[in-house]
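Have a look at the structure below, then the notes.
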Amino acid sequence: MSEILQTAELSEARANPLLRPWETPFETPPFAEIEPEHFLPAFEQAFADHAAEIAAITHDPSAPDFANTITALERSGRLLSKVAAVFYDLVSAHSNPAILEIDKEVSLRMARHWNPIMMNAVLFGRVALLHENRAALDLTGEQKRLLERTYTNFHRAGAGLDEAAKKRRAEINERLAQLGTSFSHHLLGDEQEWSMELGEDDRAGLPDAFIAAAKAAAEERGMAGKAIVTLSRSSVEPFLKSSSRRDLREKVFKAFTARGDNGNANDNNATVVEILALREEAAGIMGFPTYAAYRLEDSMAKTPEAVRGLLERVWKPARERALADRDALQALIAEEGGNFDLAPWDWRYYAEKLRQRKADFDDAAIKPYLVLDHMIEAAFDCATRLFGVTFTERKDVPVWHPDVRVWEVKNADGSHKALFYGDYFARPSKRSGAWMTSLRDQQKLDGEIAPLVINVCNFSKGADGQPSLLSPDDARTLFHEFGHGLHGMLSNVTYPSLSGTSVFTDFVELPSQLYEHWQERPEVLKRFARHHETGEPLPDDLLKRFLAARKFNQGFATVEYVACALLDLEFHSQPPEASADVHAFESAELERIGMPAEIALRHRPQQFSHIFSGDHYASGYYSYMWSEVMDADAFGAFEEAGDVFDRTVAKRLHDNVLSVGGARDPEQAYKAFRGREPEPEALLRRRGLIEA
Ligand SMILES: [Zn+2]
């Protein structure tokens with residue numbers, strides 16, 4: 001290579017903000033300087049660096065030991081993690097056509113990069129030798145766990161397969177990576193393309209807060225002055241709950257449930273079929289009868305039977321409750337002189353009416369008290385009382401969108417702990433849902449690295465300078481994602497791959513769902529739920545009715561969720577031929593479990609991102625319920641202490657669960673916190689499905 005070219009390349013590297021050291025506060029990504037065209041060259045460099053690091057470990061002439069193999073692996077790929085974290089944050093939370101185009105290429109390149117590493121026989125040989133002799137290695141508890149996880153990950157990726165099988169497994173991985181990416185792009189496409197304008201006559205029943213949010217959504221899409229319903233869940237669900245226009249409810253419901261299933265360029269049916277066939281084939285190569293069996297081997301649940309057992313135990317009482325509720329809703333329709341059968345687009349509307357009558361409570365009445373900023377404060381305050389960490393807003397940290405806010409998290413002694421980014425509002429460039437992720441994970445392998453943790457939600461903005469008001473579900477989501485956030489921020493492990501939320505999928509929802517419990521505490525609501533205009537705290541009787549109403553409609557909520565979890569399990573348990581027609585499979589399964597016709601799946605297959613946008617929750621959607629068994633039981637520890645902010649219990653939770661990431665076996669971690677195994681009845685009681 002000529003000298004001139006080299007200089008040109010060097011200056012290009014310097015010009016690429018992803019490849020320069022970051023001189024921002026806390027060395028955070030300099031978002032304002034990062035352009036889409038920086039990503040491919042940065043990934044190129046990151047892949048090359050990582051490949052060289054892996055080659056050095058593989059070809060190390062000295063005998064394998066923990067430091068030159070396992071620790072060296074933990075040190076490798078730093079640039080790749082750094083670039084990928086920024087990239088995927090933008091892909092999910094603030095994409096544009098250029099980013100999505102690059103995403104297609106990157107997902108394939110990622111698979112091509114990781115396949116030869118995870119299937120590298122020589123490297124696996126080193127790991128396997130250490131694993132075999134682990135008893136003689138004199139390792140710390142965390143190191144033992146790391147060795148176990150590293151060995152398992154290589155083994156499950158196919159590092160021990162013969163060459164032909166490896167080749168096929170690699171092809172499958174590449175194709176699955178592409179399919180997962182197109183699945184989410186399709187969904188985003190269908191969500192971006194649709195909106196329904198609300199004329200003056202179309203607003204019957206809609207509360208002011210909804211209209212304000214609908215106006216803000218219109219403005220966001222360049223339709224200022226209008227009001228629109230979008231296909232974001234925070235727009236659809238409140239609309240279905242309050243619009244008295246049955247024809248419009250039907251229209252919105254059908255558009256929402258048809259995402260990814262419209263027979264257009266965004267159709268996901270063929271994608272689902274191909275994904276399922278390839279997963280099944282990969283499981284076969286690994287020697288498992290089904291993908292579910294393969295996937296669940298590496299989880300707390302361990303087997304499809306254990307998962308099915310839990311789901312079916314919940315399904316029966318939930319379905320019975322839902323059927324009884326259905327009859328009550330139908331009776332309400334008749335009483336009002338309606339001459340039609342309850343349809344799925346009617347459920348939320350009449351359930352809300354029934355709740356108003358029974359509990360004398362309506363979501364719209366509490367919404368003016370749930371100001372987003374105050375609920376953020378509430379989430380922070382609970383963390384301060386439980387774990388001693390404090391939050392100070394920083395205006396000097398670069399962000400990817402002007403709506404994003406950043407807080408510095410400090411320990412009780414004032415030392416720096418983490419940064420927390422909150423990206424709360426829906427916008428067309430953001431995918432639907434709510435999630436926690438990170439720009440950098442905590443570790444202390446070579447000195448303390450503080451995490452950069454993100455929460456992304458899709459709440460509606462307040463219009464005309466009004467604050468954003470949350471529904472009770474939104475407020476719960478805020479606490480849920482913040483619970484994941486704490487798992488990342490309170491992490492205190494040495495090795496990066498064990499950091500924070502790097503735990504089994506059926507354990508990862510424990511911190512998040514557990515945190516939801518504080519959101520519904522009277523002492524929290526009374527302090528932070530204040531009327532957005534008058535500043536008045538939530539009146540006692542409204543609070544009481546609100547808390548009583550939480551158990552209302554739980555049959556419905558449990559049914560729409562458990563049906564999805566069962567469908568996910570069946571998709572990954574039956575031979576792929578069975579799901580060659582996704583619609584037929586869906587209806588057959590729903591019929592088999594006795595799904596009430598008036599309730600729709602929370603996620604139909606064509607929009608089930610959890611299981612098809614990647615494999616993270618594939619055959620793992622049950623995880624929320626598995627974790628719920630623990631969270632319902634775990635909160636009991638605080639109740640038993642007589643104070644939900646009890647610092648001793650909080651410390652046990654911190655020391656055994658929140659700070660240890662994946663450094664401990666989750667079953668042991670839970671038992672160390674609670675002193676015993678979780679007791680599953682707590683979940684049914686919390687959902688009001690059995691008597692307290
Ligand atoms: Zn979660």
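The values are calculated or read from the model by the stated rules, or taken from the named source; none is laboratory data. Nothing here was measured: the structure is a model prediction, and the numbers come from that model. So basically every Cβ, Gly included, is an ideal-geometry build from the backbone, and we count neighbours across all protein chains shown. Accessible surface is based on the protein model in full, side chains and every heavy atom, while ligands, DNA and RNA are left aside. Shrake-Rupley method; radii C 1.70, N 1.55, O 1.52, S 1.80 Å.
Consider the stretch 400-440 and keep the residues that are open to solvent by 30 Å² or more (accessible area, probe 1.4 Å) and within 16 Å of the ligand (Cβ to nearest atom). The one that is farthest from Gly462 (Cα to Cα) is Thr437.
All conditions in (1) surrounded by 20 or more Cβ atoms within 10 Å (Cβ to Cβ); (2) more than 18 Å from Phe26 (Cβ to Cβ); (3) more than 16 Å from the ligand (Cβ to nearest atom) hold for Ala379, with the sole exception of (3).
Out of Tyr88, Tyr151, one residue alone is in contact with a helix residue (DSSP H, G or I) (Cβ under 7 Å, 6 or more places away or on another chain), under 26 Å from Gly661 (Cα atoms), in a helix (DSSP H, G or I) and open to solvent by 40 Å² or more (accessible area, probe 1.4 Å). It is Tyr151.
The residue that is least open to solvent (accessible area, probe 1.4 Å), among those in the stretch 617-628 that are within 15 Å of the ligand (Cβ to nearest atom) and of a type in the set (A, V, I, L, M, F, W, C), is Met625.
Number of residues in the stretch 233-265 that are closer than 27 Å to Ala177 by Cβ, surrounded by fewer than 22 Cβ atoms within 10 Å (Cβ to Cβ) and not aliphatic (A, V, I, L, M): the value is 5. Per the conditions (1) open to solvent by 20 Å² or more (accessible area, probe 1.4 Å); (2) assigned to a helix (DSSP H, G or I); (3) without any contact (Cβ under 8 Å) to a residue 60 or more places away in the chain, the sole criterion not satisfied by Glu667 is (3).
State whether the residues of the stretch 154-167 include one that is of a type outside the set (Ser, Thr, Tyr), without any contact (Cβ under 8 Å) to a residue 12 or more places away in the chain, assigned to a helix (DSSP H, G or I) and farther than 30 Å from Pro116 by Cβ. No.
Looking at Phe585, Phe556, Phe552, Phe546, just one residue is over 30 Å from Ser471 (Cβ atoms) and buried (at least 18 other Cβ atoms within 10 Å of the Cβ), and that residue is Phe585. The condition of being surrounded by 22 or more Cβ atoms within 10 Å (Cβ to Cβ) and in contact with a Pro (Cβ under 7 Å, 6 or more places away or on another chain) holds for only one of Ala227, Ala277, Ala292, that being Ala292. Would you confirm whether or not the stretch 475-486 contains a residue that is polar (S, T, N, Q), within 16 Å of the ligand (Cβ to nearest atom) and open to solvent by 20 Å² or more (accessible area, probe 1.4 Å)? Yes: one or more hits. Tell me yes or no: at least one residue of the stretch 488-511 is more than 16 Å from the ligand (Cβ to nearest atom), part of a helix (DSSP H, G or I), open to solvent by 10 Å² or more (accessible area, probe 1.4 Å) and modelled with pLDDT of 95 or more. Yes, some residue in the stretch 488-511 is more than 16 Å from the ligand (Cβ to nearest atom), part of a helix (DSSP H, G or I), open to solvent by 10 Å² or more (accessible area, probe 1.4 Å) and modelled with pLDDT of 95 or more. A single entry from Leu514, Leu470 fulfils the requirement of being within 14 Å of the ligand (Cβ to nearest atom) and over 12 Å from the mean Cα position of the chain (by Cα): Leu514. Checking every residue in the stretch 457-468 against the condition of being of a type in the set (Ser, Thr, Tyr) and open to solvent by less than 20 Å² (accessible area, probe 1.4 Å) gives at least one match.
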